[in-house]
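In what follows, a structure is listed as structure tokens, so that the remarks can point back to it.
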Amino acid sequence: MSKQIGPSSEVLFHFTIKLEDGSVADSTQLHGKPARLQMGDGSLTPNFEACLLGLEAGAKKRFELGPDDAFGAVNPDNIHHMERSRFAADMELEEGAILSFTQPNGAEIPGIVRGVAGDSVTVDFNHPLAGHNVTFEVEILAVDQSGA
């Protein structure tokens, strides 16, 4: 008897995330390493987890999620204008570059350079897929009911 994904299952699965234009944003298959998820741990949105509930090992499913159900809407408060002097003098700052920033608590957070104008650098700390409708394709490899 196959185990179904429940609210506290540990799930081993492959996924592919596609954008509205069909381009692949991320895929575990490209890296040859499946993802492991503990349902209910907060790493995925409730609606994403709801799409997985009831699936069994061997199941394949495709579902579409809007920004609020996937990576969130773009939050203007996460876009910051910073002085060029806050960056190393020899650092190449060009649009699209992803830089790592240290938060006051010591945690690292990525930021995407959205623009450089004179002494001002615009850095976006939103998730790169924020504001996008995405298509998730999943293949469930294993389901463990025992939890973490």
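Rule-based calculations on the coordinates, nothing more; no lab input. Since the structure is predicted, the reported quantities are computational estimates derived from the model, not experimental observations. Note: ideal-geometry Cβ built from the backbone for every residue, glycine included; neighbour counts use all protein chains shown.
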task: Please compute the net charge surrounding Gln145, taking Lys and Arg as +1 and Asp and Glu as -1 over other residues with Cβ under 14 Å from its Cβ.
output: -2
- request: Evaluate E = 1/(1 + (r/R0)^6) for Ala130 and Ser85, where r is the Cβ-Cβ distance and R0 equals 25 Å; express this FRET efficiency to the nearest 0.05.
  value: 0.35
- prompt: For Asp144 and Ser23, FRET efficiency with R0 = 25 Å and r from the beta-carbon atoms, rounded to 0.05?
  reply: 0.15
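At 222 nm, what value in deg cm²/dmol follows for the chain if DSSP H runs of at least 4 each add -39500 (n - 2.57) and the sum is divided by all its residues, to the nearest 500?
Working: 2 runs with 11 residues, N = 148.
The helix-only estimate for the chain comes to -1500 deg cm²/dmol at 222 nm.
Between the DSSP loop rule and a limit of at most 16 other Cβ atoms within 10 Å, which GluC sites (Glu not before Pro) in segment 28-94 are left?
Glu92, Glu94
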query: Normalised by the number of residues in segment 76-124, what is the relative contact order in percent for Cα pairs under 8 Å and 6+ residues apart?
result: 43 percent
query: Which entry in [x] 52, 37, 28; [y] 54, 47, 26; [z] 64, 36, 28 is this structure's computed Cα extents along the principal axes in Å?
result: [z]
- prompt: Cα centroid distance between segment 87-148 and segment 16-68, in Å?
  reply: 19 Å
